[in-house]
Every structure is written in C-alpha cells, then in structure tokens.
Amino acid sequence: MSEGKVSMCEKKNDCEEEQSVADPDTRYPDGTVKLRNPHIELMDQDILYHIALGSESHDLVEMFGDVKFVCMGGTPNRMKNFAHFIMEEIGYKLPTGTDLMDISQYSYRYSMYKVGPVIAVSHGMGVPSIGILLHEMIKLMYHAKAQDPVFIRIGTCGGLGLEPGTVVISDQAVDGLGNYSYSVPILGEVVKRPAKLDKKIVRELKALSSVDDPYETVVGTTMCAEDFYEGQGRIDGAFCDYTEVDKQNYLEKLVKQGVKNIEMEATPFAALTHHAGIKAAIVCVTLLNRLKGDQVRITKKPSHNQINKETKKLYRRIHLNNLK
C-alpha cells in the first residue's frame with residue numbers, strides 16, 4: 001500500500017508526463033497486461049463477478065485476446081447503440097442468423113458487447129460503479145493476454161462556459177477538492193493515486209477535429225464530482241445550503257482553473273488505467289452550460305454522434321499507427 005501513498009499529483013505541471021516506455025510492473029515483454037497483484041496468478045480461478053465471466057469457466061484468450069479498444073459509457077442502451085455504430089463503421093459482419101449479444105447480461109449490472117477488436121461496455125453512474133468495472137476489465141485484459149489495449153470513456157457532462165453539444169477531450173482529471181488524484185480508503189488508510197491521462201491520445205483526438213465540424217471540440221481539465229447535485233454545486237437538489245451567488249462564484253472559479261466540464265467518473269478512470277499502465281482517454285459531450293442553469297430539459301438530448309465521430313477517427317488512426 002505504501003507504493004500507492006507516494007503517488008500524489010497535486011499540480012498541473014506534475015501531470016504533463018506521458019506513458020512512453022512500458023513499465024515492467026504493468027507489461028510483459030510481449031505487450032500483454034501484467035497485474036499489480038501477485039495473488040491473482042496463485043488463484044485456481046478468478047471470477048469476474050460483475051461482468052459474468054471467469055478465468056476457468058470461459059476461454060478468455062479465445063474470446064478477448066484480439067481486443068485493442070475498450071470503450072465504456074454510462075448506460076447499457078448507449079453502449080449497445082455504440083456497438084452497432086462501430087460494427088457499421090469498421091465493416092464487421094456477424095455470422096448469418098446471429099445477433100449482437102450482451103456478454104454480461106447475466107450479471108444484471110453491466111452490459112458488454114464485442115465487435116471485432118472493440119469492446120463496448122456500460123460503467124453505470126459515479127465513482128464506485130466505474131471503479132468496480134475497471135478492476136474487472138483490467139483483469140479481463142490480463143487473462144485474455146490482450147496486447148496494449150486502449151481504454152476510452154465516452155459520456156455526457158455539464159459544460160462550463162460551453163454550449164450544449166460541445167465535445168470535451170479531457171487532458172486532466174481533478175476531484176471536487178482540487179486534487180489531481182483518486183483517493184480510496186484501503187485497510188483503514190487513504191491511498192491517493194495520480195489521475196493521469198495519455199497526452200499522446202489527447203493530441204491525436206484534438207488533431208482529428210475540424211473547423212468544418214458542426215460542433216466545437218475543446219481540450220481541458222475535467223472535474224469528477226462525487227454527487228450529481230450538491231457535489232456539482234447545483235441548487236435543484238433535495239438539499240441546498242448555499243445561494244445562487246455562491247454557486248456561480250464556485251463555477252467561475254473552476255473556469256479560471258481551466259476546468260471545462262463536470263462529470264462523475266474521470267478521476268477513477270484516469271487513475272486506475274494509469275496505475276495499470278493502460279493508455280486511456282475521456283471524450284464527453286456537454287448537455288448544458290452550467291453557467292446558465294442546472295437542469296437538462298427532458299427532450300431529445302444532444303446527439304452522441306459527436307463522440308462517435310471522434311472515437312471512430314481515433315480508432316482508425318490508432319489502428320493504422322498502433323500508437324508506436
């Protein structure tokens with residue numbers, strides 16, 4: 001545990017480094033994922049309970065050994081639609097008489113689809129939910145002997161000074177207290193792990209945006225909140241002990257600090273993928289400008305085609321260049 005304690009990253013400049021050289025603690029020489037847990041390889045079977053898979057009950061190498069991308073988003077329906085989108089874009093054909101299957105349907109928690117080398121999986125809402133999924137997806141990559149997989153979170157968020165429909169590519173993740181780290185109590189002590197994202201993928205994504213796009217694409221810091229209401233400074237929750245002025249001052253302070261958007265999964269996503277030595281990126285579309293209000297009207301939301309387009313182009317670029 002002491003290893004994790006010293007991995008605090010509090011300043012923006014401390015988070016600028018990239019994952020360039022494979023860490024022997026997280027990679028085998030052939031590029032397959034190595035876990036930071038010596039206990040796993042001593043177990044007769046590792047049950048990935050929340051995604052309904054197991055290292056002995058399933059041939060994970062056969063099923064997932066070719067995975068290059070793990071794309072995750074909040075809801076099962078969103079990721080099912082995304083899987084169909086990717087299937088069309090990469091020209092993946094299912095055998096006659098078959099349909100896309102929810103691999104984790106019997107976990108009754110997450111939904112997961114596989115389209116060629118791409119996994120589309122739902123992570124639920126909030127820090128605990130995505131944290132559980134990340135542990136099991138990282139272990140799945142280990143058991144599958146997948147080589148250099150890339151994780152991408154695609155989702156929705158509240159923008160800060162950005163109009164609805166803006167695509168935000170995260171270059172940093174910060175929590176509600178201003179820490180560029182993910183804090184988790186382990187054995188009665190708080191362990192902080194740096195929340196770092198891969199700078200090369202950030203640049204790749206931004207370079208794929210065009211002035212002809214019908215939406216704006218920006219790069220900036222993403223704040224991860226522990227809560228949808230008070231944790232994000234909303235005044236429309238069941239409880240509120242601050243004023244509209246207090247809220248506005250807080251949000252404007254975040255803008256001055258370079259925060260572009262607020263969501264609820266960025267710090268664990270960035271920290272756990274970084275700790276696993278897995279290259280990762282976050283791309284979100286804004287549903288509203290939080291400087292102008294708190295509530296999203298129950299109408300047709302801004303299309304996820306913005307995110308899909310960026311992810312599709314990134315997939316093609318990574319597939320060709322193999323991020324080497």
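The values are calculated or read from the model by the stated rules, or taken from the named source; none is laboratory data. Owing to the predicted nature of the structure, the values given are computational and were not obtained by experimental measurement. Cβ sites come from the backbone with ideal geometry, for glycine too, and all protein chains shown count toward neighbours. Calculation scope for accessible area: heavy atoms of the full protein, side chains included, ligands and nucleic acids excluded. Shrake-Rupley method; radii C 1.70, N 1.55, O 1.52, S 1.80 Å.
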Checklist entry - Is there a residue in segment 105-114 that is under 30 Å from PRO185 (Cα atoms), of a type in the set (Phe, Trp, Tyr) and free of Cβ contacts under 8 Å to residues at least 40 places away in the same chain? => result yes
Checklist entry - Of all residues in segment 147-169 being in a loop (DSSP other than H, G, I, E, B) and touching a helix residue (DSSP H, G or I) at 6+ places or on another chain (Cβ under 6 Å), which is nearest to ARG36 (Cα to Cα)? => result PRO149
Checklist entry - Given the residues MET125, MET137, MET141, which is the only one that is under 12 Å from the mean Cα position of the chain (by Cα) and open to solvent by less than 10 Å² (accessible area, probe 1.4 Å)? => result MET137
Next on the checklist: Criterion first (open to solvent by 10 Å² or more (accessible area, probe 1.4 Å) and assigned to a helix (DSSP H, G or I)) does LYS114 satisfy it?
Outcome noted: no
Item to check | Meets criteria (in contact with a Gly (Cβ under 7 Å, 6 or more places away or on another chain), more than 25 Å from GLU263 (Cβ to Cβ) and outside any helix (DSSP H, G or I)) for ASP23 | outcome: yes
Next on the checklist: Take GLY131 and tell me if it is of a type in the set (Gly, Ala, Ser), open to solvent by less than 60 Å² (accessible area, probe 1.4 Å), within 26 Å of CYS284 (Cα to Cα) and part of a helix (DSSP H, G or I).
Outcome noted: yes
Next on the checklist: Can you pull out every residue in segment 224-245 that is over 17 Å from GLY178 (Cβ atoms) and either in contact (Cβ under 8 Å) with a residue 12 or more places away in the chain or among the polar types (S, T, N, Q) (or both)?
Outcome noted: PHE228, ARG234, ILE235, ASP236, THR243
Checklist entry - For segment 67-87, does any single residue satisfy the condition of being basic (Lys, Arg), under 22 Å from PRO268 (Cα atoms) and crowded, with 21+ Cβ neighbours inside 10 Å? => result no
